[in-house]
Amino acid sequence: QVNVVESGGGLVQPGGSLRLSCAASRSIFSGNAMGWYRQAPGKQRELVASITAYMYINYADFVKGRFTISRDNAKNTVYLQMNSLKPEDTAVYYCKVPLGPRGYWGQGTQVTVSS
């Protein structure tokens, strides 16, 4: 069975920080890229950041300088450190392993930025 499980979401005030984690089954994590996406109410899902197995990293312009993606291959886990959070960062954050026709997605974790 293949699993992708996100955690670490929650409620945070503007300017605050959160760290999201995504643990995936070793069979799909090892040697593959990982990506963080988000979907706000009424909006399309969008790419936030991605990291390849060789640590090549890509960020969406709206998170550059605030978010940091990293991976721990020994733990089959990818992280998203989110700093200087803004209300517009409120969304469900998803982790994706881009394999196969649709990829493997987690169930998502809610991030709410509000005072």
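The values are calculated or read from the model by the stated rules, or taken from the named source; none is laboratory data. Predicted, not measured: the structure shown is a model, and the values here were computed from it. Heads up, the Cβs are rebuilt from the backbone with ideal geometry, glycines too, and the neighbour counts pull from every protein chain shown. Please note that ligands, DNA and RNA were not included when accessible areas were found on the heavy atoms of the full protein model with its side chains. Shrake-Rupley method; radii C 1.70, N 1.55, O 1.52, S 1.80 Å.
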> How do the pairs read when you match residues in the stretch 19-33 that are at positive phi with residues anywhere that are open to solvent by 20 Å² or more (accessible area, probe 1.4 Å) and in a loop (DSSP other than H, G, I, E, B), using Cβ under 6 Å and keeping only pairs 6 or more apart or on different chains?
Replying inline: Gly31/Ala53
>> Anything in the stretch 67-101 that is open to solvent by less than 10 Å² (accessible area, probe 1.4 Å) and acidic (Asp, Glu)? List them, or say none.
In response: Asp89
> Does the stretch 51-66 hold any residues that are part of a strand (DSSP E or B), of a type outside the set (Phe, Trp, Tyr) and open to solvent by 30 Å² or more (accessible area, probe 1.4 Å), and which are they?
Replying inline: Ile57, Asn58
> Out of the stretch 23-50, which residues are of a type in the set (Gly, Ala, Ser), within 16 Å of Thr109 (Cα to Cα) and not in a strand (DSSP E or B)?
Replying inline: Ala40
> Does Tyr59 fit the bill of being hydroxyl-bearing (Ser, Thr, Tyr) and modelled with pLDDT of 95 or more?
Replying inline: yes
> in contact with a helix residue (DSSP H, G or I) (Cβ under 7 Å, 6 or more places away or on another chain) and open to solvent by 50 Å² or more (accessible area, probe 1.4 Å): does that describe Tyr104?
Replying inline: yes
> Just a yes or no: is a residue in the stretch 30-40 open to solvent by less than 50 Å² (accessible area, probe 1.4 Å), closer than 30 Å to Ser115 by Cα and among the polar types (S, T, N, Q)?
Replying inline: no
